[in-house]
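Visitor: Pasting a structure here, questions to come.
The numbers here are math on the coordinates, done by the rules we state, and not lab data. Given the structure is predicted, the values throughout are model-derived calculations rather than measurements. For neighbour counting, all protein chains shown are included, and Cβ atoms are generated from backbone atoms with ideal geometry for every residue, glycine included.
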Amino acid sequence: MTTTAPLPPAVVDPVRWPDVARVPRAPLRAAAAGWLLRRAAARHGLRVELPGGRVLLPAPPGAPVLRLHRPEAFAHRVGAGGLIGFGESYQAGDWDSPDPARLLTALAARPETLVPPGTAWLRRLYVRRTPADELSTTANAPRNVHRHYDLSNELFALFLDPTMSYSSAVFSDPSPAVRRADLVPAQHRKIDRLLDLARVGPGTRLLEIGTGWGELALRAAARGAEVVSVTLSAEQLALARHRIAEAGQSARVDVRLCDYRQVRGEFDAIVSVEMIEAVGRPFWPAYFTALDRLLAPGGRVALQAITMPHRRMLASSGTYTWILKYVFPGGQIPSLRALADTAAAHTGLRVRSADAYGPHYAETLRLWRERFTERAEQVAALGFDEVFRRMWELYLAYSEAGFRSGYLDVHQVLLGRDGAR
C-alpha cells in the first residue's frame with residue numbers, strides 16, 4: 001500500500017495569493033464535498049490515498065491516483081468554492097497526483113456523473129459569475145492579456161519549442177510516441193495548413209490577429225506575403241520584432257501593439273490562432289464584424305480555435321472558473337456552432353470547412369507539461385514561487401485532460417463570403 005505522508009504546507013504569500021493562503025470554514029459544505037469525493041472515486045474508479053497509508057475506497061489496479069495530504073483543508077476548500085476550491089487546494093499542496101492529467105481525464109470523461117441527478121440545483125450555491133472587471137471589453141483586454149502573456153518571455157521559453165508557438169501543433173500521428181523533437185515540424189505543419197487555407201502567397205496582404213512570438217508572420221513573409229500582425233502583449237511584441245528583424249523580414253512584417261477592433265485597412269487574408277477564446281462571448285459579434293470589415297472582396301479567413309460542444313458551452317457561459325480566475329481572465333471557449341451562427345448573424349462570412357485536431361492538442365500539452373515540470377528550478381530562478389508553479393502544472397494538466405476526454409477540441413476553420421471561391 002502506498003503511504004501518503006502529509007506535506008508541509010506550501011509557502012503562500014497572502015498578499016499575492018489571498019484565497020490560497022486562506023482555508024475557508026464551511027462544515028456543512030465540507031461534508032457534502034467529502035460525500036461527492038467518495039461518489040466520484042466509486043463512479044470513476046479512482047484511488048484516493050489518505051495520510052498514513054489509508055485508502056478512501058478500494059480501487060482497481062492501475063487506477064488514477066489522488067493523494068490527499070490535508071483532507072480537511074481539501075474538503076473545506078472544495079465545499080466552499082467548488083472547482084475553484086479544487087484548484088486552489090492543489091496550489092496550496094492539499095492534494096497531488098503522480099499523473100494529474102490522467103486523474104483529471106478520468107474526472108472529465110463523464111462530468112455529468114459527478115453530481116447526482118436531481119441535485120444540480122445545488123450548483124447555484126457555489127458557482128460564481130465572472131466579475132465585470134474581467135470581461136474582455138476594449139478597456140479590460142490589455143490588462144487581461146498582460147496577466148497571462150506578459151508573465152515572462154523566459155518562462156514561456158522554458159517549456160515551448162524553439163518556434164515559441166503557444167498553440168496546438170499538428171503531428172503526422174498524434175500518439176503518445178511523439179517526442180519533443182517532433183514539436184517544431186508539427187508547429188510548422190499547423191501554421192502551413194492555416195496559411196494554405198487562407199491562400200497566402202506572394203503579394204498577399206495578410207492580417208494576423210494575435211502575434212504570439214512571430215512564427216506565423218515569419219512563415220507568411222517567407223512566402224512573399226505582406227504581413228500586419230497585431231498583439232496586446234508588450235512582451236510578445238518586443239520578442240516578435242526581434243525575431244523578425246533577425247530573420248531579415250522587417251520590411252515584410254509590421255507588428256503593432258493594437259487591439260483588433262482598432263485595425264484599419266483591407267486584407268486579402270486574415271489568420272488568427274487561438275485568439276477568439278480571449279474575446280469573450282458578448283464580444284463575438286464585434287470580432288466577426290471586424291473580420292468582415294477588414295477582409296477584401298474574395299478574401300479568406302482562417303482561424304484556429306479551441307472549442308467545446310455547444311450544450312456545454314451554453315451551460316458554462318458566464319461561469320467563473322479556476323482557469324478564468326488564475327490563468328485566462330476574460331475568456332470563453334466557443335462551440336463550432338456558435339462561431340458559425342455568430343458569423344452568419346452579423347456578417348457575410350460563412351464557415352466553409354472545419355477540421356478537428358483534439359488529440360494533437362493533448363500531445364502538445366503533454367510535451368509542454370513534461371518540460372515545464374522538469375524545469376522547476378529554472379522557473380523558481382525566474383522569480384515564480386511554488387504556488388505559481390503548482391498553478392501552472394495544474395493548468396497544463398487540466399487542459400490536456402480536456403482534450404483527452406473530448407470535453408475540448410480544437411478546429412482549423414475556414415470562412416469566406418457567399419460567392420467567393
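Visitor: For the stretch 157-201, state which trypsin sites (Lys or Arg not before Pro) are in a DSSP loop and have at most 11 other beta carbons lying within 10 Å of their beta carbon.
Guide: For trypsin sites (Lys or Arg not before Pro) across the stretch 157-201 that sit outside H, G, I, E and B with at most 11 neighbouring Cβ atoms in 10 Å, the list reads R179.
Visitor: Test of understanding: ordering T289, T105 by Cβ neighbours within 10 Å, fewest first, what list do you get?
Guide: Listing T289, T105 from fewest to most nearby Cβ atoms yields T289, T105.
Visitor: Mind putting a number on the dipole of the stretch 133-417 about its Cα centre? Charges go on the C-beta only, +1 for Lys and Arg and -1 for Asp and Glu, and I need it in Debye to the nearest 20. Present the calculation step by step, with values, prior to reporting the outcome.
Guide: Values: 34 positive and 32 negative charges, 142 e Å.
Once rounded to the nearest 20, the dipole reads 680 debye.
Visitor: I need L394, L46, L28 ordered by Cβ neighbour count within 10 Å, fewest first.
Guide: Fewest-to-most ranking of L394, L46, L28: L28, L46, L394.
Visitor: If you don't mind, another one. Using DSSP to call loops (not H, G, I, E or B), can you name the GluC sites (Glu not before Pro) in the stretch 204-301 whose Cβ has at most 13 other Cβ atoms within 10 angstrom?
Guide: E266
Visitor: Note the angle between two axes, namely the Cα long axis of helix 284-294 and the longest principal axis of the Cα atoms of the chain, as a number of degrees from 0 to 90, rounded to the nearest 10.
Guide: 20 degrees
Visitor: Which cross-chain or sequence-distant (5 or more) residues have an amide H under 5 Å from the amide H of V48, H modelled 1.01 Å from N in plane?
Guide: Under 5 Å from the amide H of V48: L56, L57, L66.
Visitor: Any idea what the relative contact order of the chain is, in percent, if you count C-alpha pairs under 8 Å spaced at least 6 apart?
Guide: Value for the chain: 17 percent.
Visitor: Amide H to amide H, which residues 5 or more places from D254 or on other chains are under 5 Å from it, using H placed in the peptide plane?
Guide: Distant-sequence amide H within range of D254: V227, V228, S229.
Visitor: Show that you can apply the helix-only estimate: for the chain, add -39,500 (n - 2.57) for every DSSP H stretch of four or more residues, divide by all residues, and state [θ] at 222 nm to the nearest 500.
Guide: So the calculated ellipticity at 222 nm is -13500 deg cm²/dmol.
Visitor: Another question, if that's okay. Which far-off residues, 5 or more places away or on another chain, put their amide H under 5 Å from the one on R352, with H placed in the peptide plane?
Guide: Amide H neighbours of R352, under 5 Å, 5+ apart: L414, L415, G416.
Visitor: Based on other C-beta atoms within 10 Å, arrange T211, T342, T319 from fewest to most.
Guide: If I rank by nearby Cβ atoms, fewest first, I get T319, T342, T211.
Visitor: A further question follows. Work out the FRET efficiency for A222 and R293 from their Cβ-Cβ distance, taking R0 = 41 Å, and round it to the nearest 0.05.
Guide: Step by step, r from the Cβ atoms, then E = 0.90.
Visitor: Report the Rg/Rh value for the chain, based on alpha-carbon coordinates and the Kirkwood definition of Rh.
Guide: That ratio is 0.98, to two decimals.
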